[in-house]
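Student: Quick one: this structure, given as C-alpha cells, is what I'll be asking you about.
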C-alpha cells in the first residue's frame, strides 16, 4: 500500500511538473470525442457525397464523381426545396422573436421575482414533454374536425389545414422556448439604470426601446435565432406529420430510407451545413456568441 | 484578420463551385437491365429444429397475433406448434422493406414485386428450397415461376397472395360515387385539398394506368415500362394532381386518421385500411375503378443472412397453409395463394369476390414491379429506371 501511495504521488508530481501534459490528458477524452465522433461523421458524410449508387442493385459504388452535386444544381426542385426550407426557417425565427421579446421583457424587467420564477417554469415546461406528442397534438388541433375549425366555424372562417402554414405554426410553437430564454438572459444583463437615464434625458418608451434596449439585447436575439433557425432547418418529422411539404431533411430521409441513395442524401445534407456555417459567421459578427 | 477568414471561406466555396461546375462528363453507368442472380446465397438443404424465434418484415395486416383484433390471429397457433416466437416490423413501402432487409437483422420479408428483384439482385435474399415447404404444392400454378419470384428457374420465394390498390371515398362527403380514377386526377375536383395518394414513386404507375385508358395515343402498354414521352405525361398528370392533394400517405395509420377526421375524403387505399375504418364506423367505400388498378403479388422471401432459417421455413409453410392463408387473405382483402384456402374463408364467396383463380381478372391488374432501363419489348433500353422514378417523385411533390 505504501508503494502504491508512493507511485500515485510520483504520478501526481510528474503531472504537476508538466502542466501541458496534465492539460492534454484532461482534454483527450472530450477533444477525441469531438474530433472522431463529431467531426469524423461530418467528414464521412462529405466523402460519401462523392460516391454514387448503382441504381438497380442499390449498392453504393465507391467511385468519386460530382454527379450528385450536378443533380442537385441542375434540378429546379432541389433549389425550391432549399428555398422553401430557408424561408420557413426565417419566418419561424421572425415569429419567435416577435412573440418572445415581450414575454422575455416582462420576465426580466417587469415581473416580481415570484412571478418571474413561475414564468421561467412555464416557458421551460413544454420542453419536458415529448416532441412527437406536441406535434401530433397540433395535428389534432389543425385537423378538419379539430378544435381550431370548431372555434373558427361560427365566424365563417376555416383553419389553414395541413400545409406550409401548419408547419410554420407548429415550428414557431416548438422552438419558442429556445428564443425566450436567451433574450431573457440578455435583457436581464441590461442595468435598469440605463432605462432610467434614457427617460431622464427625455426618451419616450419607444425611443428607449429602439435606441437603448434593442441594441443591447440584439446579440441575445441573434443567439436565440441560431436555435430557431437551425432547428427548423434540420427538422423533417414535423413537415411529415402536419403536411406533405418537403424540407431538406425530408429529401435526405427519402433518399436514405426510400431510394437507399446514400450518396445523394449526403450531398444534399451538405447544403444545410453550408447555410449554417454562413449563418454562424454572420451571427459572430453581430456578437451573438458573447451572449450565449 | 476577420476579413482574412471570410476570404478563406469564400475561397473554399468558390473552389467548390468551380469543381462542381467543371464536373466531368463521365456518362452514368448503365444499370443492369436484366436481373442476374448473384452467386453466393444457397438454399437450405434440410429442415432442422426451430431456433426459438423469427424476425419478419411485413405489410400491415400480414402478421396478426390478435393484438389488433382478438379474432384476427394466425400467429399464436404457429408459435405454440413450432416454438418460434414471431417478431414483426411493419414496412410501409417496398423501399422501406428493401432498406430494412439490407440491414441483415431480419429473417424474412413479405416482398411485393417492386422489391423482390432488387432484393435478389442485391444478394439480400436466398433461393428457397420448395421441397421443404409441403404447402407449396397447393399454390396456384399462375403464381409459381413468375418473373418477380423466380430467376433462371430458381424460386426465390413463396407466393403469399395478390390484390389490387383500390379507390376509397367517404360516402357522406363524396357524391355521386366515383367509378373511375379520374376522380383523383380531376384538376377541378370539388374535393380539392381533401384528395390523397400513396406517397411513393411507384404511384407514378397509377397515373400511367389512368393515361393508358384515357389517352391511347401515348401507347402505354405496361405501366412500369414507360419511355420518355409516356413518363413525362404521367409526371405532368401527377403535378396537376399535386394541386388537389391535401396530403399524401404512406403510413397506413396516417391514412386511417385522415379519413376518420375528414382531412382526406377520396383517394387510393388498401382493402385492409377500409376494413379498419369500417370497424370504426367511418362511412367509407372502396372499389376497383373501371380502368383497372395497380396491385401487388407478394412473396415471402428468406434473407441470405437469416439467423433463424428453420423458423423462417416453418413460417413460410405456415403462412400459405390453407387456414392461415385464408385468414390473412380475408383480413388484408386479397386473393389467397393457396387454392385450398378458398374452402377455409369465413365468407364463402371471398375467393370469388377477390378473383382468386381468375387469371383473366388479374391480367387487368398491373402488379408492382421494379422499373428498369430495359423496356422489355422492341423499344429497347429507353425506359425510365427506378432511380428516375424516385427523382421524379421528389419533383412531383415539389
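The values are calculated or read from the model by the stated rules, or taken from the named source; none is laboratory data. Only a predicted model underlies this, so the values are computations on that prediction, with no experimental measurement involved. Reconstructed Cβ throughout: ideal geometry from the backbone, glycine too, with neighbour counts over all protein chains shown.
Student: Out of (1) crowded, with 20+ Cβ neighbours inside 10 Å; (2) in contact with a strand residue (DSSP E or B) (Cβ under 9 Å, 6 or more places away or on another chain); (3) modelled with pLDDT under 85; (4) more than 14 Å from every other protein chain (Cβ to nearest Cβ), the odd one out for residue B:357 is which?
Tutor: (1)
Student: Do we have any residue at all in region A:196-218 that's buried (at least 23 other Cβ atoms within 10 Å of the Cβ) and either without any contact (Cβ under 8 Å) to a residue 12 or more places away in the chain or farther than 30 Å from residue B:91 by Cβ (or both)?
Tutor: Looking through region A:196-218, at least one residue is buried (at least 23 other Cβ atoms within 10 Å of the Cβ) and either without any contact (Cβ under 8 Å) to a residue 12 or more places away in the chain or farther than 30 Å from residue B:91 by Cβ (or both).
Student: Quickly run through region A:26-64 and pick out the residues that are out of contact with any strand residue (DSSP E or B) (no Cβ under 8 Å at 6 or more places or on another chain) and facing another protein chain (nearest Cβ under 7 Å).
Tutor: Within region A:26-64, A:55, A:56, A:57, A:58 meet the criteria.
Student: Which helices (runs of 4 or more DSSP H) sit wholly inside region A:1-108 and have at least 2 residues that are free of Cβ contacts under 8 Å to residues at least 24 places away in the same chain and under 30 Å from residue B:122 (Cα atoms)?
Tutor: So the answer is A:40-48, A:67-74.
Student: Moving on to the next point. Sort out which residues of region B:259-284 are in contact (Cβ under 8 Å) with a residue 40 or more places away in the chain, within 14 Å of chain A (Cβ to nearest Cβ), surrounded by fewer than 20 Cβ atoms within 10 Å (Cβ to Cβ) and on the phi < 0 side of the Ramachandran plot, and write them in order of number.
Tutor: Passing the criteria: B:282, B:283.
Student: Okay, moving on. If you check residue B:201 against the conditions, is it over 19 Å from residue B:287 (Cα atoms), out of contact with any strand residue (DSSP E or B) (no Cβ under 8 Å at 6 or more places or on another chain), surrounded by 23 or more Cβ atoms within 10 Å (Cβ to Cβ) and not assigned by TED's automatic domain parsing to the domain that holds residue B:358?
Tutor: So residue B:201 fits the description; yes.
Student: Identify, by number, the condition in (1) buried (at least 18 other Cβ atoms within 10 Å of the Cβ); (2) part of a helix (DSSP H, G or I); (3) in contact with a strand residue (DSSP E or B) (Cβ under 7 Å, 6 or more places away or on another chain) that residue B:237 doesn't meet.
Tutor: Every condition holds for residue B:237 apart from (3).
Student: Further, regarding this structure: So residue B:242 fits all but one of (1) surrounded by fewer than 20 Cβ atoms within 10 Å (Cβ to Cβ); (2) more than 20 Å from residue B:167 (Cβ to Cβ); what number is the exception?
Tutor: Exception for residue B:242: condition (2).
Student: Another question, if that's okay. Give the number of residues within region B:73-126 that are buried (at least 18 other Cβ atoms within 10 Å of the Cβ), more than 19 Å from residue B:250 (Cα to Cα) and within 12 Å of chain A (Cβ to nearest Cβ).
Tutor: 8
Student: Here is a check on your reading of the model: is residue A:89 under 14 Å from the mean Cα position of the chain (by Cα), at negative phi and surrounded by 16 or more Cβ atoms within 10 Å (Cβ to Cβ)?
Tutor: It is true that residue A:89 is under 14 Å from the mean Cα position of the chain (by Cα), at negative phi and surrounded by 16 or more Cβ atoms within 10 Å (Cβ to Cβ).
Student: Looking at B:323, B:348, B:307, can you tell me which residue is over 22 Å from the mean Cα position of the chain (by Cα), under 25 Å from residue B:107 (Cβ atoms), more than 14 Å from chain A (Cβ to nearest Cβ) and not in a helix (DSSP H, G or I)?
Tutor: B:307
Student: Run down B:296, B:300, B:315 and say which single residue is under 21 Å from the mean Cα position of the chain (by Cα) and assigned to a helix (DSSP H, G or I).
Tutor: Result: B:315 is the single residue among B:296, B:300, B:315 that is under 21 Å from the mean Cα position of the chain (by Cα) and assigned to a helix (DSSP H, G or I).
Student: Quickly run through region B:246-258 and pick out the residues that are farther than 18 Å from residue A:159 by Cβ, at pLDDT 90 or above and more than 7 Å from chain A (Cβ to nearest Cβ).
Tutor: B:249, B:255, B:256, listed by residue number.
Student: Being out of contact with any helix residue (DSSP H, G or I) (no Cβ under 9 Å at 6 or more places or on another chain) and more than 8 Å from every other protein chain (Cβ to nearest Cβ) is the filter here; which residues of region A:65-86 pass it?
Tutor: Result: A:74, A:83.
Student: Right, something else. Give region B:370-381 a look and list any residue that's under 29 Å from residue A:81 (Cα atoms) and either in contact with a helix residue (DSSP H, G or I) (Cβ under 8 Å, 6 or more places away or on another chain) or without any contact (Cβ under 8 Å) to a residue 24 or more places away in the chain (or both), or say none.
Tutor: Selection gives B:370, B:371, B:372.
Student: Now for a separate question. Residue under question is residue A:239, and the condition is that it be modelled with pLDDT of 90 or more, assigned by TED's automatic domain parsing to the domain that holds residue A:75 and surrounded by 16 or more Cβ atoms within 10 Å (Cβ to Cβ); does it hold?
Tutor: yes
Student: Considering region B:179-198 alone, what residues qualify as being surrounded by fewer than 22 Cβ atoms within 10 Å (Cβ to Cβ) and either more than 14 Å from chain A (Cβ to nearest Cβ) or at pLDDT 95 or above (or both)?
Tutor: Quick first cut of region B:179-198, residues surrounded by fewer than 22 Cβ atoms within 10 Å (Cβ to Cβ) only: B:179-180, B:182-183, B:185-193, B:198.
Listed by number, the residues that qualify are B:179, B:180, B:182, B:183, B:185, B:186, B:187, B:188, B:189, B:190.
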